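> Here it is, the structure, as structure tokens.
The values are calculated or read from the model by the stated rules, or taken from the named source; none is laboratory data. What you are looking at is a predicted structure, and each value in this text was computed from that prediction instead of being measured. Here the Cβ is made from the backbone with ideal geometry for all residues, glycine too, and neighbour counts use every protein chain on show.
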Amino acid sequence: MEAITARVREIFALWQEGRCPGGQIYVVKDGQTIVNESLGYADLERQVPNTEDTIFHVASVSKQITCMSALMLWEQGKLDVTADIRAYIPDLIAFEEPVTVLDIMHNISGIRDQWNLQMLAGVRMGDIITQADLLALNARQRSLNFPPRTEYFYSNTNFVFVAEIIHRISGLTLPRFAKKYIFEPLGMSQTFIRETYTDMVENRALSYEWAPEGFKWVPLNFSNWGATSLHTTAKDFSAWLAHFMNPTLCKPETIAKMCEVPKLIDDAKSVYACGVMCDSYKGHRRITHDGADAGYRASAHCFPDDNLTVMVTANVPNLILAEQVGKVVDAVLGLPETAPADALYDAAVAAPVPGGYFIPAFMTLVGIEVNDAGAVAILDGVCHRLIHEGGNRYLIDGLPARIYFRDGKPWMNPALPTELLPHTPAVFGPEQQTQLAGTYYSDELQALYTLEIDGDGLALSHWRMGRGRLVALPDGTFVAPLERHLKLKLDAERGTLTLLGERVRAVTLEKVEIQRV
């Protein structure tokens, strides 16, 4: 046990370097706690260290509690999970396609993601975002990303809808339902879903991000639930993870239903069940989910055949938690510590390729520069060192992300290899400029954007996100570097501007005449 603890401390060594945020690592094997480590600081300003009683926001790890709550109602015969969600929330649905309760719990509904919608509408993630705000925004969406059940595509909106269904059936908000029927029966005294950002949370870890001059506090003012807002400790949440193996709140058949991965149309693949991913790690069956909001990170894992649970919480995003958890599992189960499968890695050394690029997965522009001191990636005006890990792979310092260089091009995301797209100045002729310049509006977003002539180009502006001159991508789309970088396409003939998000594939704004008073 001491050897495993020493290995865990080695794996999370970064959280022990000076005054650094960190987190908790809690491992239970065969009903016995074998790792209980708290590293780094919960509050840098007051120099409060993390302890086993420090409470963390665990973001999307919340979704499994939302789905368990819904499935408890299903077990009681109060909820038909095969019914169209209109049977429960008809006033919140503006699109035409039928979507079932299981579709939203399985992330196969096609419903647009609320965080991307909020961002496109000009809302900052540090703003106060209430449950009512999200329901009103989601209720305005008239289109889906794709036909239901044709693919897996992550959307936080799904789980806000599940929470609202629970509320309407039970008469209890999700935070109160989960407290009464899950947390209290399991003895999870340090676990709750925060209803409003004004609620006091004793022993709370604050949220931070890395910056060259030191860590910065990242505010999170959520007053919403379903997709997020679960607060817990690694130790407390382990009681819930054990419930997958020995259910006491529901029948074993209900846990089986929760872990059932759907079959999609045309044999499309998914590993997402009801609020959890069900896959395997080195041949060991696993139930898992990660979470990320602001600077908070969490990674929850249950290995039912090994009677093993691992829970990691963090208040800084400077490690790839899933990789670190894999190393912990290797140590506990005595598995060979092999690097994760990496489709982009090539042992032949490849130098960084300077230039300006667009990262589709981050929906942002990045500049790669090389000088005598080495290579850097410039993101949002911040320079991050590119740390060479060998071959063609480089770690972006301060961010849990990597860039690969193959065939003279940068790539990211080994699980779904994505080429970073080079961008060039967007140049328009005078006639094009005249046709395209103007104000565009979306009633789905309730947002106005303005295209203005800028020399031989165009600049997009939003009253809150600022102004940015368009750059062109090879596929005929453009990126506007506002406070948040926006990908878009333009249609002068139709008078439309379409915003293209990571989890919102297209929202079209129409050109409108604004009368100035």
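> I'm told Lys180 meets every condition in (1) out of contact with any strand residue (DSSP E or B) (no Cβ under 9 Å at 6 or more places or on another chain); (2) under 29 Å from Ala361 (Cβ atoms) except one. Can you identify the failing condition by its number?
Result: Lys180 fails condition (2) only.
> May I ask you to list the residues in the stretch 284-341 that are among the small types (Gly, Ala, Ser) and without any contact (Cβ under 8 Å) to a residue 12 or more places away in the chain?
Gly334, Ala339
> Six or more apart or on different chains, Cβ atoms under 6 Å: show the pairs whose first residue is in the stretch 473-492 and farther than 19 Å from Tyr441 by Cβ and whose second is of a type in the set (Phe, Trp, Tyr) and assigned to a strand (DSSP E or B).
Close Cβ pairs (under 6 Å, with a partner that is of a type in the set (Phe, Trp, Tyr) and assigned to a strand (DSSP E or B)) amount to Leu473/Phe358; Val479/Phe358.
> Within the stretch 196-246, restricting attention to residues that are assigned to a loop (DSSP other than H, G, I, E, B) and acidic (Asp, Glu), which residue is nearest to Ala163 (Cα to Cα)?
Among those residues, the one meeting the criterion is Asp199.
> Go through the stretch 105-151 and count every residue that is assigned to a helix (DSSP H, G or I) and in contact with a strand residue (DSSP E or B) (Cβ under 8 Å, 6 or more places away or on another chain).
Summing the residues that are assigned to a helix (DSSP H, G or I) and in contact with a strand residue (DSSP E or B) (Cβ under 8 Å, 6 or more places away or on another chain) in the stretch 105-151 gives 5.
> In the stretch 152-191, how many are touching a Gly at 6+ places or on another chain (Cβ under 8 Å) and assigned to a helix (DSSP H, G or I)?
Of the residues in that region, 7 qualify.
> Does the stretch 491-511 include one or more residues that are part of a strand (DSSP E or B), under 30 Å from Glu151 (Cβ atoms) and of a type in the set (D, E, K, R)?
Taking every residue of the stretch 491-511 in turn, at least one turns out to be part of a strand (DSSP E or B), under 30 Å from Glu151 (Cβ atoms) and of a type in the set (D, E, K, R).
> A follow-up question, please. Among the residues of the stretch 252-302, how many are small (Gly, Ala, Ser), under 24 Å from Gln76 (Cα atoms) and in contact with a Leu (Cβ under 7 Å, 6 or more places away or on another chain)?
Selection size over the stretch 252-302: 0.
> Tell me, please, whether a residue that is out of contact with any Leu (no Cβ under 7 Å at 6 or more places or on another chain), of a type in the set (A, V, I, L, M) and closer than 30 Å to Val353 by Cβ can be found in the stretch 447-458.
Within the stretch 447-458 (the criterion being out of contact with any Leu (no Cβ under 7 Å at 6 or more places or on another chain), of a type in the set (A, V, I, L, M) and closer than 30 Å to Val353 by Cβ), the answer is no, since none of the residues qualifies.
> Take the stretch 381-398 and flag every residue that is out of contact with any Leu (no Cβ under 9 Å at 6 or more places or on another chain) and closer than 22 Å to Pro481 by Cβ. Step through it out loud before you land on a result.
Step one: filter the stretch 381-398 for residues out of contact with any Leu (no Cβ under 9 Å at 6 or more places or on another chain), giving 381-383, 390-391, 398.
Within the stretch 381-398, Gly381, Val382, Cys383, Gly398 qualify.
> Let me ask something else about it. Please find, within the stretch 85-95, the residue that is nearest to Leu448 (Cα to Cα) out of those that are out of contact with any Gly (no Cβ under 9 Å at 6 or more places or on another chain) and touching a residue at least 12 places away in the same chain (Cβ under 8 Å).
Keep residues of the stretch 85-95 that are out of contact with any Gly (no Cβ under 9 Å at 6 or more places or on another chain), which gives 85-94.
When the remaining residues are screened for being touching a residue at least 12 places away in the same chain (Cβ under 8 Å), the result is 85-86, 88-89, 91-94.
Numbers: Ile85: 31, Arg86: 30, Tyr88: 32, Ile89: 29, Asp91: 25, Leu92: 23, Ile93: 23, Ala94: 21 Å.
The selected residue is Ala94.
> Within the stretch 329-345, take every residue that is at pLDDT 90 or above and exposed (fewer than 15 other Cβ atoms within 10 Å of the Cβ) and give me the one that is nearest to Ala300 (Cα to Cα).
Leu333
> I need a count of the residues in the stretch 215-253 that are over 21 Å from Leu308 (Cβ atoms) and surrounded by fewer than 17 Cβ atoms within 10 Å (Cβ to Cβ).
Residues flagged as over 21 Å from Leu308 (Cβ atoms) and surrounded by fewer than 17 Cβ atoms within 10 Å (Cβ to Cβ) within the stretch 215-253 amount to 6.
> So which residues in the stretch 401-412 are surrounded by fewer than 17 Cβ atoms within 10 Å (Cβ to Cβ) and either of a type in the set (S, T, N, Q) or outside any strand (DSSP E or B) (or both), if there are any at all?
Asp407, Gly408
> Now a separate question. Can you tell me which residue in the stretch 313-338 is nearest to the chain's Cα centre (by Cα), limited to those that are assigned to a loop (DSSP other than H, G, I, E, B) and within 20 Å of Pro49 (Cα to Cα)?
Pro317
> Here are some residues: Gly398, Gly429, Gly468, Gly457. Which one is outside the structural domain of Ile320 (by TED's automatic domain parsing) and at positive phi?
The conditions single out Gly398.
Every residue, every condition in (1) modelled with pLDDT of 95 or more; (2) surrounded by 20 or more Cβ atoms within 10 Å (Cβ to Cβ), yes or no:
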{"site": "Leu137", "(1), (2)": "yes, yes"}
{"site": "Pro148", "(1), (2)": "yes, yes"}
{"site": "Tyr152", "(1), (2)": "yes, no"}
{"site": "Asn158", "(1), (2)": "yes, yes"}
{"site": "Thr191", "(1), (2)": "yes, yes"}
{"site": "Pro212", "(1), (2)": "no, no"}
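> Let me ask something else. Restricting the stretch 100-116 to residues that are of a type in the set (A, V, I, L, M) and closer than 14 Å to Pro262 by Cα, which is surrounded by the fewest Cβ atoms within 10 Å (Cβ to Cβ)?
Leu102
> Can you tell which of Ser60, Ser38 is touching a residue at least 12 places away in the same chain (Cβ under 8 Å), in contact with a strand residue (DSSP E or B) (Cβ under 6 Å, 6 or more places away or on another chain) and within 30 Å of Leu445 (Cα to Cα)?
Matching residue, one of Ser60, Ser38: Ser60.
> Check Phe362 against each of (1) over 22 Å from Pro474 (Cβ atoms); (2) of a type outside the set (A, V, I, L, M); (3) in a loop (DSSP other than H, G, I, E, B) and name the one condition it does not meet.
So Phe362 meets the others, but not (1).
> Separate question: Within the stretch 495-504, identify whether any single residue is under 25 Å from Leu137 (Cα atoms) and hydroxyl-bearing (Ser, Thr, Tyr), and answer yes or no.
Checking the stretch 495-504: at least one residue is under 25 Å from Leu137 (Cα atoms) and hydroxyl-bearing (Ser, Thr, Tyr).
> Could you run through the stretch 490-510 and say how many residues are touching a Phe, Trp or Tyr at 6+ places or on another chain (Cβ under 6 Å) and under 21 Å from Val427 (Cβ atoms)?
So the answer is 1.
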